[in-house]
Every structure is written in structure tokens, then in C-alpha cells.
Amino acid sequence: MEVFPTDSLSAAQGLETLHVVIGGQARVAVPHQLEWIARNLVDADGRVAYQVHRGWTDWREFPRWSSAPMMSALVGAAAALEVSE
């Protein structure tokens, strides 16, 4: 069951929480989350969607509510994956 809207701030917080809470298992779980984010919330140019609704995507740019939290989560996930290798 999909729930809409999908919010980039929530996805970013989920990613940060996931890699902090599961620690060493991040190598297994985080790539799946990263794949989902890339497929659903980030376009080919790296632009982060604010929200994805059932029939449309809100691409307005809100650095404080979408881009910055997502970039922070992605950098944190990359660092966690690097450490776990």
C-alpha cells in the first residue's frame, strides 16, 4: 500500500534514522533506501522533489524542507556505508 504524499523531509529523516539505528547492518538496508529515494524523489539533475502526490510531483525548491535535509541524509548514509566496508 502506497501512502501519499511522499515527503522528501520524511524520507531524509528516515534515511538518517535508519543508518544511525542499525549501525553495522547499514550496508544491507541503506542501499535499498537510497535506491527508493533516487527512483522517487530525485531527478536526473539531482533536484529533490518537495512532495510526490498520487498523480503529480511538487518540484518547488525548498532548501530548508527538502534539498538540505536530503543532502545531509545522503552524505551521512555515504559515510556510514564507507565506515562499514
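Restricting to region 2-46, and then to whatever is open to solvent by 90 Å² or more (accessible area, probe 1.4 Å) and among the polar types (S, T, N, Q), can you tell me which residue is nearest to L81 (Cα to Cα)? Restricting to residues being open to solvent by 90 Å² or more (accessible area, probe 1.4 Å) and among the polar types (S, T, N, Q), the top hit is Q25.
R60 meets all of the listed conditions (1) out of contact with any strand residue (DSSP E or B) (no Cβ under 8 Å at 6 or more places or on another chain); (2) surrounded by 11 or more Cβ atoms within 10 Å (Cβ to Cβ); (3) free of Cβ contacts under 8 Å to residues at least 12 places away in the same chain but one, namely (2). For A49, the requirement of being crowded, with 18+ Cβ neighbours inside 10 Å and either charged (D, E, K, R) or modelled with pLDDT under 90 (or both) is not met. Scanning region 63-77 for residues that are open to solvent by 80 Å² or more (accessible area, probe 1.4 Å) and touching a residue at least 40 places away in the same chain (Cβ under 8 Å) yields a single hit, W65.
The values are calculated or read from the model by the stated rules, or taken from the named source; none is laboratory data. No experiment lies behind these values; they were computed from the predicted model shown. All Cβ positions, even for glycine, are placed from backbone atoms using ideal geometry, and neighbour counts span all protein chains on display. Calculation scope for accessible area: heavy atoms of the full protein, side chains included, ligands and nucleic acids excluded. Shrake-Rupley method; radii C 1.70, N 1.55, O 1.52, S 1.80 Å.
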